[in-house]
Each structure stands twice: as structure tokens, then as C-alpha cells.
1. Go through segment 118-141 and report how many residues are touching a residue at least 60 places away in the same chain (Cβ under 8 Å), assigned to a loop (DSSP other than H, G, I, E, B) and in contact with a strand residue (DSSP E or B) (Cβ under 6 Å, 6 or more places away or on another chain).
2. For residue 293, which of the numbered conditions (1) modelled with pLDDT under 85; (2) part of a strand (DSSP E or B) fails to hold?
3. Can you tell me which residue in segment 151-203 is farthest from residue 89 (Cα to Cα), limited to those that are at pLDDT 80 or above and assigned to a helix (DSSP H, G or I)?
4. Just for segment 215-235: of the residues that are free of Cβ contacts under 8 Å to residues at least 60 places away in the same chain and not in a loop (DSSP other than H, G, I, E, B), which one is surrounded by the fewest Cβ atoms within 10 Å (Cβ to Cβ)?
5. Looking at segment 69-81, which of the residues that are out of contact with any helix residue (DSSP H, G or I) (no Cβ under 6 Å at 6 or more places or on another chain) and part of a helix (DSSP H, G or I) is surrounded by the fewest Cβ atoms within 10 Å (Cβ to Cβ)?
6. Checking the condition outside any strand (DSSP E or B) and buried (at least 16 other Cβ atoms within 10 Å of the Cβ), which residue from 242, 274 passes?
7. Quick one: how many residues across segment 32-63 are more than 23 Å from residue 95 (Cβ to Cβ) and either crowded, with 19+ Cβ neighbours inside 10 Å or modelled with pLDDT of 85 or more (or both)?
8. Those residues that are within 18 Å of residue 198 (Cα to Cα), surrounded by fewer than 20 Cβ atoms within 10 Å (Cβ to Cβ) and out of contact with any helix residue (DSSP H, G or I) (no Cβ under 8 Å at 6 or more places or on another chain), I need them from segment 130-146; list them, please.
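The values are calculated or read from the model by the stated rules, or taken from the named source; none is laboratory data. Owing to the predicted nature of the structure, the values given are computational and were not obtained by experimental measurement. Quick reminder, even Gly has a Cβ in these numbers, built from the backbone with ideal geometry, and neighbours come from all protein chains shown.
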């Protein structure tokens, strides 16, 4: 059990997954307006939890330091745990993001979340596109938008205690690309989200996974004629479906976010060492919180009649 807790501790510190927190409202930024902020997300996935407990429990210092390892049930469990963590690790990420109003109903954003980078564009099909400085009434608005996000990352275990040894044994590397389409609705607190909003919606994403496992000292169980296990190269795709809630509260320039996104995904079947395969599926919960800043565009003042003359 001591080895289990030592192994699990750094996972809660260095989680790395696709950018799936939902911070946008249904209202896009007015043309020329900018927004930036920082967010903290917690990735909680049911599949890695179930796989990692068995895999991490069977891993020990003696196992990680062996020069020759024979493929057995312990190695199979650890292989499944590594796959689970790479696909959807449990951990905490900090996000930095930036948005810019492109036109009357479009804005563009960039986000860096741990090891993942993402670009997205959003189109507003419902509600006003005015800025807070262009309205004088106190009427709350209702908005609707649809977006498209492309994200990418290359995930590797870093030198954290046992993980560097485990990665060295399995020689595992993984990269992923994700296409995400959110449908977002929001109701304004104050005119044009002057003091915040409440957002909700649905999300669809499709992931492209590519990974390889190149063992350096893992051999077949036959100890009479041991052979190094063949490397594994695989490409897998899967869909995910989610929903989210998001609260934003503040005033005009500075806002605080609090959100929760929930996804369900069937990760599919993944080839592992020794010719075995593993089927993974489960729910992912992503609570997040952070701060956001708006840089309002200054309206041009018309000259006086005397100057115009």
C-alpha cells in the first residue's frame, strides 16, 4: 500500500488531458474586444480510477528496478493503468486563454491547458451582439452560439518519482488530437452580461489517439527461450458526449468563473503488450474556477459641430 500512495501522489499534481473545460457564454465578444484569463481545472475520470488502483498496487520499487521483466498479470495491469492515465488522467491543470472579437457574430480563442493547446471559433446565432457601452436599458438578454475547437498534445510521463522508471520500462508515448463542437446558451445578469451570466449547453467531441509502446526489458513468459516483446503501434478514434454549467459573476471588466462539465466516452479497445487488448469507457467530471478580464474597445467620439465645420 505504501508503493500505491507514493505512485498515486504525483498524478494529482501533473494531470494532462485534452482542453475540455467550458468557459464561454452564448454571447461572443463584440468586434475588436479582447478577453483573457486564468482557470484551474480538476480532471476526475472513472476509468483511470478503476484501472490505476490495480496497476499501481502491483507496482513496487523492485518491479521498476529489474533488468529483466517477464510478462505476467502485474505487467498487464500496469500497462492498462498507463493507457488509462494517458487517455484521461486524474489531475489538476491550470489554463491560460485569450479571445478576440472578429466580427459582428464571430470571435476567436486560444487556450493552453497543461500540455494541451487549442484554437476555437464561435458563431452567435441568437441574441444581441452589442457591447455593454452600447446599451442603456437594464434588460437581461438570452444568447445562443455554436463553436468548433481543435486541440492537440503530446503526452509523456515526466521525471516524477516512479513514473520515469515506469515510462522507461514501457517506452510509452502518446499523442492526441481532438475536435470539439459545443452548443452554448446563456442568460445575462444585467444588460449584455454587465455583471455576469449563467451558461449551459451540450458538447460533442471526437478524439484521434496515436500511441506506441516499445519495451526495452519486458520478455515473454517463457523463461527457457525468452524473447523481447514486440512493440505496439496503434491508432484509435472515439467519441465523447457531454454537458456543462457555468456561472460568471463580476462587473464589466473583472469576472470570476465557476463551472462543471461532465462527459461520457467509450474509449474503444486498445492493443497492449503480449497481444492483449483493453476496452475502456467511463465518465469524466471537470470542475473548474478562475478569473477573467475584459479589455473593452473604446468608442470613437464624434467631433463637435464647430470642429467639423
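1. 2
2. The number of the failed condition is (1).
3. Our first condition is that a residue be at pLDDT 80 or above; within segment 151-203, this holds for 151-154, 170-203.
Restricting the remaining residues to those that are assigned to a helix (DSSP H, G or I) gives 170, 191-193.
Values: 170: 17, 191: 40, 192: 37, 193: 34 Å.
Looking at residues that are at pLDDT 80 or above and assigned to a helix (DSSP H, G or I), I get 191.
4. Once the filter is applied, the top-ranked residue is 235.
5. For segment 69-81, the residue satisfying everything is 73.
6. Values: 242 fails: outside any strand (DSSP E or B).
Only one candidate qualifies: 274.
7. Taking segment 32-63 first, the residues more than 23 Å from residue 95 (Cβ to Cβ) are 32, 50-63.
If we keep only those that are either crowded, with 19+ Cβ neighbours inside 10 Å or modelled with pLDDT of 85 or more (or both) as well, we get 32, 51-52, 55-56, 59.
Qualifying residue count for the region: 6.
8. 142, 144, 146
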